[in-house]
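Structure first, commentary second.
Values quoted throughout were computed directly from the atomic coordinates according to the rules given, and no laboratory measurement underlies them. Model, not experiment: these values are computed from the prediction. When we count neighbours, we look across all protein chains shown, and the Cβ atoms used for this are built from the backbone with ideal geometry, even at glycine.
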Amino acid sequence: MRLLPREEKFYELFVSQVDLISEAARLLLQGVKAGQSRLDEVAKDIKRLEHQGDDIIHEIFTRLNSTFITPLDPEDIHSLSSRLDDVLDGIEDASHRMMAYRVNPIPPGMVQLCETIYSCSRAMKKAFEALDKKKEVMEHCIEINRLENEADHMVRGLVIELFEKETDCIALIKIKEIYEFLEATMDHAEDVADVLQNVVVKNS
């Protein structure tokens, strides 16, 4: 019998964060597939999603400071929400640079990386929905880690190819930086999975 109320809305807020990440990743992928003209609009839409994410993380921190009993350790809630925010920020950073640098045509490798980020966002959504429903989380964390490793390997190959084939130094710098921001976004997603795995072990 539970004698004191337990604040469960944190799960709902985590899922809201992941929904924003998934939508931002979908828009980014749509933008790189369509080309520069669509990317201009996409970057604005993703910026709006990033602002919504800021509102959610503010609500999480506010609730954390005012809730006596939380469904997870407070430091885990803080860490999960912060790592999720990093992922959304990473997508926004990448979309801004794609829009600002006006890379044309968009390299196929950039599209592949955005596809991987979108797949990762779907795996994160499944992980947090499982966490909310007290179901198996680890399989989704493993998938996130697999996708991050895939992206890391992909970026290494793309950078090597870029230096071998790109003769325009400015274009090389722009494309390489975008690759690095996309890779950093995947690193942030892996950070989310690592925290989730620790949470699962701690609460098992």
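About its Cα centre, the chain has a charge dipole of approximately 500 debye under the convention of +1 per Lys or Arg Cβ and -1 per Asp or Glu Cβ, with nothing else charged.
Specify the inter-centroid distance of region 39-114 and region 173-202, based on alpha-carbon positions, in whole Å. After rounding, the separation between the Cα centres reads 12 Å.
Taking each residue as 0.36 nm, the span from residue 48 to residue 33 lengthens on full extension beyond its C-alpha to C-alpha distance by 3.3 nm. Only helices enter the 222 nm calculation for the chain: every DSSP H run of n ≥ 4 contributes -39,500 (n - 2.57), and dividing by all residues gives -30500 deg cm²/dmol, rounded to 500. Which entries of 9/133; 133/202; 44/125; 47/133; 47/165 show an alpha-carbon separation above 21 angstrom in the structure shown? 44/125; 47/133; 47/165, as the Cα separations exceed 21 Å there. Set the Cα radius of gyration of the chain against 2.2 N^0.38 Å, with N its number of residues, and you get 1.10. Each residue in 168, 191 was given a count of other beta-carbon atoms within 10 angstrom of its own, and listing them fewest first yields 168, 191. Using the alpha-carbon positions of region 1-95, Rg (one decimal) and Dmax (whole number) come out as 16.0, 58 Å.
Spin-label pair residue 67-residue 177: with each label point 7 Å from Cα along the Cα-Cβ axis, the two points sit 3.9 nm from one another.
The residues 91, 56, when put in order of fewest to most other Cβ atoms within 10 Å, stand as 56, 91.
Counting every pair of alpha carbons in region 91-183, the share spaced more than 22 Å apart comes to 36 percent.
A Förster distance of 41 Å, applied to the separation of the beta-carbon atoms of residue 152 and residue 55, puts the FRET efficiency at 0.80. What number, in percent, do you get for the relative contact order of the chain if the mean sequence gap of Cα pairs under 8 Å and at least 6 apart is divided by its residue count? For the chain, the relative contact order is 29 percent. Subtracting the Cα-Cα distance of residue 139 and residue 204 from 0.36 nm times their residue separation leaves 21.9 nm of extension gain.
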